[in-house]
Amino acid sequence: MPRTAAPPLTTPPPTDRRRTSASVVLRSVLEHGPVARSTIARLTGLSPASVTDYCARFTELGLIREAEAPRRLKGVGRPHVPVDLDDSRFVVGGVHVAVPYTTVALLDLRGRVVLRRELKHSGAVDPLAVLARAAAGLAALLAEVPGSRPLGIGVAVGGWVDRDSGTVVEHPLLGWREVPVRELLGAHTGLPVHVDGHARALVNGERLFGRARGSRSVLHLFVGNVVDAAFATGDEVHHGPRSQAGTIAHLPVPGGTEPCGCGRTGCLQAELSERTLVRRARAAGAVEGSNPMDVLAAARAGDPVAVRLLVERARMTGRAAGLLLDVLNPESVVVTEVGVLHREDCLAALREAVGPERAPVLPTSFGASVLAVAGGSVALDVLYRDPLSASPELI
């Protein structure tokens, strides 16, 4: 990957995850920009002098810029000059490692996907080969946007991911154990690398850039080949010891029939896995391929079996969400699941299973780009939590 000089992102100390004043100011620019400094002071409760100082430092770092001043119609004095994010200079790399393929992407500071590619796996999913190929894929994307400077790389993976060490502790479907992703990908790219579980990454993405912005507590349920969850409250995602929170793969499903690798029958991940969905559709003659999008295509073509399987999966996902709602009582719920994302009948079945008068249940805000956003959100969360660390030499 080209190593154009760029301000690296550094990870805030694990004991200091609260939003700093600098973070509050930059988040206000993200959420309200173009916005006057005086408005930021009013929104954040910080002094006008502090806001002005932070904005000056962000401008020096290249994170914000002055926007076009509004026209002054009457009166005297200089109009308030608003500030806005400068999304033209920097990008972050995003890597999401799924079972069938790795997604590599570049995102701007607003969390928008600039470019993305899917790199299909073949044979055994060797972590050294996967990460080397991801690094090469990111380098190719950067070559397509000359002038953009990479701030860092975010990696999102299912399974048990220890954020603080940057390690995939265990991902049974990939066959990964104790893989030092931060170290390996950093060696390939020369850039700071941040690693987290994909459900937690998407909670941060939803709170920064999606429909859950402003929610005081958010539950995210991710249902793919891996099934896991994440919960955020008070601007903090719960990680637990060694980031093991959110592991729900082996929750029992009443009436479940699928054998699980743990030796039991009817575990949540075994029942809801995309592999299970496709295998059932193939056994019923609805599809011939191995991609869940084949099941969606069959449903769009009117195949009743494909429709039934998708709706049943969404309903079962809703029951799981309802169980988590009972335990966590979040203000909003976001679900990433292929049927819910693409079909109104699946979304309706999900919401019906969750039940009335519960927290709003929303599909992911990021559509087909959700995996790209998951990876990039890991790095962007670091930036928005501690923006002044983006360029230590200028502090």
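Per-residue answers, yes or no, for (1) farther than 17 Å from Gly94 by Cα; (2) without any contact (Cβ under 8 Å) to a residue 40 or more places away in the chain; (3) hydrophobic (A, V, I, L, M, F, W, C):
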| residue | (1), (2), (3) |
| --- | --- |
| Glu144 | no, yes, no |
| Val155 | no, no, yes |
| Arg163 | no, no, no |
| Val179 | yes, no, yes |
| Arg182 | no, yes, no |
| His188 | no, no, no |
| Val193 | no, no, yes |
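Of the strands (runs of 3 or more DSSP E) contained entirely in region 1-103, those carrying at least 2 residues that are at pLDDT 65 or above and within 21 Å of the chain's Cα centre (by Cα) fall at 90-97.
Considering only region 342-358, state which residues are over 15 Å from Pro330 (Cα atoms) and in a loop (DSSP other than H, G, I, E, B). Across region 342-358, the qualifying residue is only Arg343.
Name the single residue that is nearest to Val113 (Cα to Cα) among those in region 333-353 being in contact with a Lys or Arg (Cβ under 8 Å, 6 or more places away or on another chain) and either of a type in the set (Gly, Ala, Ser) or free of Cβ contacts under 8 Å to residues at least 40 places away in the same chain (or both). That would be Gly339. If you check Leu341 against the conditions, is it within 17 Å of Leu277 (Cα to Cα) and in contact with a Gly (Cβ under 6 Å, 6 or more places away or on another chain)? The answer is no for Leu341.
Checking each residue of region 151-158 against the condition of being surrounded by fewer than 21 Cβ atoms within 10 Å (Cβ to Cβ) and small (Gly, Ala, Ser) gives no match. The residue list Gly175, Gly255, Gly190 contains one member that is surrounded by fewer than 18 Cβ atoms within 10 Å (Cβ to Cβ) and in the same structural domain as Leu310 (by TED's automatic domain parsing), which is Gly255. Of all residues in region 82-130, exactly one satisfies the criterion of being of a type in the set (Gly, Ala, Ser) and touching a Phe, Trp or Tyr at 6+ places or on another chain (Cβ under 7 Å), namely Gly111.
The residues of region 225-255 that are closer than 16 Å to Glu274 by Cβ, in a loop (DSSP other than H, G, I, E, B) and not aliphatic (A, V, I, L, M) amount to a single one, Asn225.
Out of (1) out of contact with any strand residue (DSSP E or B) (no Cβ under 7 Å at 6 or more places or on another chain); (2) in the same structural domain as Arg57 (by TED's automatic domain parsing), what's the single condition that is false for Asp126? Here Asp126 clears every test but (2). Output yes when any residue across region 134-147 is outside any loop (DSSP other than H, G, I, E, B), touching a Lys or Arg at 6+ places or on another chain (Cβ under 8 Å) and modelled with pLDDT under 95, and no when none is. Scanning region 134-147 turns up no residue that is outside any loop (DSSP other than H, G, I, E, B), touching a Lys or Arg at 6+ places or on another chain (Cβ under 8 Å) and modelled with pLDDT under 95.
The values are calculated or read from the model by the stated rules, or taken from the named source; none is laboratory data. Everything numeric in this text was worked out from a predicted model, so none of it was measured. Neighbour counts run over all protein chains shown; Cβ positions are idealised from the backbone, glycine included.
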